[in-house]
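Enquirer: Pasting a structure here, questions to come.
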Amino acid sequence: MIYLLVVDDEPMAVDYLVGMLQERNNPDLEISKAYSAAEAIGKMYENKIDILLTDIRMPEVDGLKLSEIVRQRWPRCKVVFLSGYDDFGYIQSAIRQKSVDYILKTEGDDQIVRAIENAISEIVKELQEEDILQKARQNIQAGLLHLQKEYLLEILQGDS
């Protein structure tokens with residue numbers, strides 16, 4: 001299960017985004033919402049956050065700061081920034097944080113869905129790579145145990 005948290009200080013925007021994403025019926029995606037950065041910070045202690053879809057300009061704690069806070073707890077979290085402003089400073093900061101995407105709210109639903117799908121693809125790829133590494137570690141461990149056993153038998157049999 002992949003957990004997505006949608007955050008915006010405009011409740012209508014959050015409700016719309018959550019509804020639009022739920023209509024896509026992705027069974028692997030669990031969607032939660034928060035109407036402020038403070039509420040989002042609270043939610044990050046309730047569930048793992050795989051994808052953070054957040055407005056970049058919010059009062060008190062903006063989306064950039066929120067993403068830093070979330071990534072301290074969940075370092076692999078993918079972030080998609082939404083903005084009503086085409087502001088190069090925010091875009092530059094988002095890129096430095098290695099966000100998945102920076103989308104203007106005026107770009108439409110398809111662009112947002114594409115960014116979420118890209119984030120999901122990256123997460124799946126990372127999980128597959130972790131699985132391969134875990135299996136390789138298990139194989140190495142099993143091989144090492146076998147070699148240790150063989151070595152011990154040779155010693156016990158008097159072979160040098």
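Enquirer: If we keep just the residues of the stretch 80-90 that are within 19 Å of D9 (Cα to Cα) and open to solvent by 40 Å² or more (accessible area, probe 1.4 Å), which is modelled with the lowest pLDDT?
Expert: The selected residue is Y90.
Enquirer: Would you confirm, using the coordinates I've provided, whether Y16 is at pLDDT 90 or above and surrounded by 13 or more Cβ atoms within 10 Å (Cβ to Cβ)?
Expert: yes
Enquirer: Which of (1) more than 17 Å from the chain's Cα centre (by Cα); (2) modelled with pLDDT of 90 or more is the odd one out, the single condition T106 does not satisfy?
Expert: Here T106 meets the rest and fails (2).
Enquirer: Within the set of pairs 6+ apart or on separate chains, which have a first residue in the stretch 104-126 that is of a type in the set (G, A, S), a second that is open to solvent by less than 20 Å² (accessible area, probe 1.4 Å), and C-beta atoms under 7 Å apart?
Expert: From residues that are of a type in the set (G, A, S), the pairs are A115/V80; A115/I103; A119/I51; A119/V80.
Enquirer: For the stretch 35-79, give me each residue that is open to solvent by 40 Å² or more (accessible area, probe 1.4 Å), under 23 Å from I123 (Cα atoms), in contact with a Phe, Trp or Tyr (Cβ under 9 Å, 6 or more places away or on another chain) and among the charged types (D, E, K, R).
Expert: Result: K48, R73.
Enquirer: Would you point out which residue out of D131, D109 is among the charged types (D, E, K, R) and closer than 30 Å to Y85 by Cα? If you could, list the steps in order and put the result at the bottom.
Expert: On the way: D131 fails: closer than 30 Å to Y85 by Cα.
On inspection, the qualifying residue turns out to be D109.
Enquirer: Quick check: is even one residue across the stretch 30-37 in contact (Cβ under 8 Å) with a residue 12 or more places away in the chain and in a helix (DSSP H, G or I)?
Expert: Yes: one or more hits.
The values are calculated or read from the model by the stated rules, or taken from the named source; none is laboratory data. For clarity, every value in this text was computed on a predicted model and none was experimentally measured. Every residue, glycine as well, gets a Cβ built from its backbone with ideal geometry; the counts of neighbours run over all protein chains shown. Accessible surface areas use protein heavy atoms only, side chains included; no ligands, DNA or RNA. Shrake-Rupley method; radii C 1.70, N 1.55, O 1.52, S 1.80 Å.
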